[in-house]
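As C-alpha cells, the structure follows; a few thoughts come after it.
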Amino acid sequence: MKDLGVSLSPGQRVALTWDGGSSEDLERLVSRVQETISPGGTVSVENVHRLVLSAHPASSFDAVLLGLLPDSVCVHSYDVLAEAARILKPGGVVVIREPVSTGAGNEGGLRTPERLSSALTLSGLTGVAQLRQEPLSPQQSQALGEKLAVSSDDKSAVQVIGKKPSFEVGSSRQLSLSKHPVPVKPSVDPAAVKLWTLSASDMNDENVDLLDSDELLDQDDLQKPLPSSLSSGGCGEGGEKKRKACKNCTCGLAEELEEEKTQQISPKNAPSACGSCYLGDAFRCASCPYLGMPAFQPGEKVLLKPTQLQDT
C-alpha cells in the first residue's frame with residue numbers, strides 16, 4: 001500500500017470513501033486494503049456525500065482514505081474533512097487525493113494545493129504533508145468536465161496525508177512537576193516578625209504606645225486657609241484694585257471675581273420720598289417707583305427691575 005501513501009497493519013480498521021465511477025475499481029481497491037489488514041482488520045466503504053450522516057463512533061478508525069479511486073474528482077467539503085478527523089483514532093492518518101488548480105483556484109470549487117493542506121490543518125490534523133502531485137488521468141479529465149463543468153487545463157491531482165494528534169479532543173492529563181524544583185520560602189528574622197505583629201492582647205499592653213488620631217492635628221491645621229495662600233503663580237496679579245485670575249484658575253479667585261461683578265450690577269432699592277410707599281398704591285405718588293406693586297412691610301427688602309427704574 002505504499003503507492004497509496006499509507007502503511008497499514010493487520011487488525012486495523014479502515015474507512016474508504018467513493019464518489020461514483022467504476023465499481024470494478026472500487027472492488028479492487030477494497031480487496032487490496034482488506035488483504036493488507038487481514039487477519040482481524042475491517043474495511044468500511046462509505047459514499048463521500050453520506051459520510052457526515054454515518055453513525056460511526058468517534059475515534060473508531062486507524063485510517064481514512066478519501067478520493068483514492070482512479071477516476072475520483074471529488075472536492076471534499078470542510079464537513080467531510082472534519083468528520084474524517086472525528087472518526088479517526090488518536091495517531092490515525094487521513095490520506096486524500098483531490099483535483100487541484102495550479103492557477104488562482106476556485107474554478108468549479110477547486111482548491112490550490114496550499115489551500116487543501118490548510119483545510120486539513122483547520123480540520124484538526126497535524127503533520128500535513130504533500131505526498132505527490134501528478135497530471136490528471138484521462139478518466140479524471142473526462143469526469144472533471146462532466147461533474148464540475150471545468151476544463152482540465154492547469155489542473156492536476158495532488159495526494160496529501162495528515163495525522164490526528166495523539167490525544168482526543170477534551171482529554172486531560174495531570175502535569176508532573178517533580179522535575180521542577182519548588183522555590184524555597186526565604187527565611188524571616190523572628191525579631192522582625194514580632195515587631196510587625198499586633199494581636200488583640202497588645203491593645204491593653206502598657207508597653208505598647210498607641211497614637212490618638214485626634215492628636216495628629218492641631219488647631220492651626222483645622223483653620224480655613226486664606227484664598228491668597230491657595231492661589232498659584234500668576235493668579236490674582238494686577239494689584240489690589242484690579243485683580244485678574246489666571247487661565248484655568250482652580251483656587252476660587254475666578255468665582256470670587258465673578259460674584260463681585262454680579263453684585264456691582266445688581267439694582268439697589270429706590271429710596272422713598274414720602275415714607276408711605278409700603279402702604280400701597282392709594283398712598284403712593286404718581287412718580288413712585290413702587291407704583292403697581294403690592295404693599296409690603298416696613299423695612300422689607302424690595303427689589304426693582306432695571307426697566308422699572310428707567311420708566312420712572
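Nothing in this text is a laboratory measurement; each read-out follows from the coordinates by a stated rule. The model shown is predicted, which means the values in this text are computed figures rather than measured ones. With ideal geometry, Cβ positions are generated from the backbone for all residues, glycine too; neighbour counts draw on all protein chains shown.
Which residues does the label zone of D25 cover in segment 75-97, counting backbone N under 20 Å from a point 7 Å along Cα→Cβ?
Hits in segment 75-97 for D25 at 20 Å: 75-77, 95-97.
Using a Förster distance of 51 Å, how high is the FRET efficiency between R173 and D220, based on the Cβ-Cβ distance and rounded to 0.05? The partial results should precede the final answer.
Working: r = 69 Å, r/R0 = 1.36.
For R173 and D220, the calculated efficiency is 0.15.
Given 10 Å bins starting at zero, what is the percent of C-alpha pairs of segment 121-181 in each, up to the one with the largest pair distance?
Result returned by the calculation: 17, 25, 24, 16, 9, 7, 3.
Ranking L257, L211, L69, L26 by Cβ neighbours within 10 Å, fewest first, what do you get? Before the final figure, lay out the partial values.
Values: L257 15, L211 7, L69 22, L26 18.
With the sparsest Cβ surroundings first, the list reads L211, L257, L26, L69.
To make sure I understand, if each residue's beta carbon is the centre and we count other beta carbons within 10 Å, what order do D153, D281, D221 fall in, fewest to most? Don't skip to the end; give the middle numbers.
Working: D153 10, D281 13, D221 7.
In increasing order of surrounding Cβ atoms, one gets D221, D153, D281.
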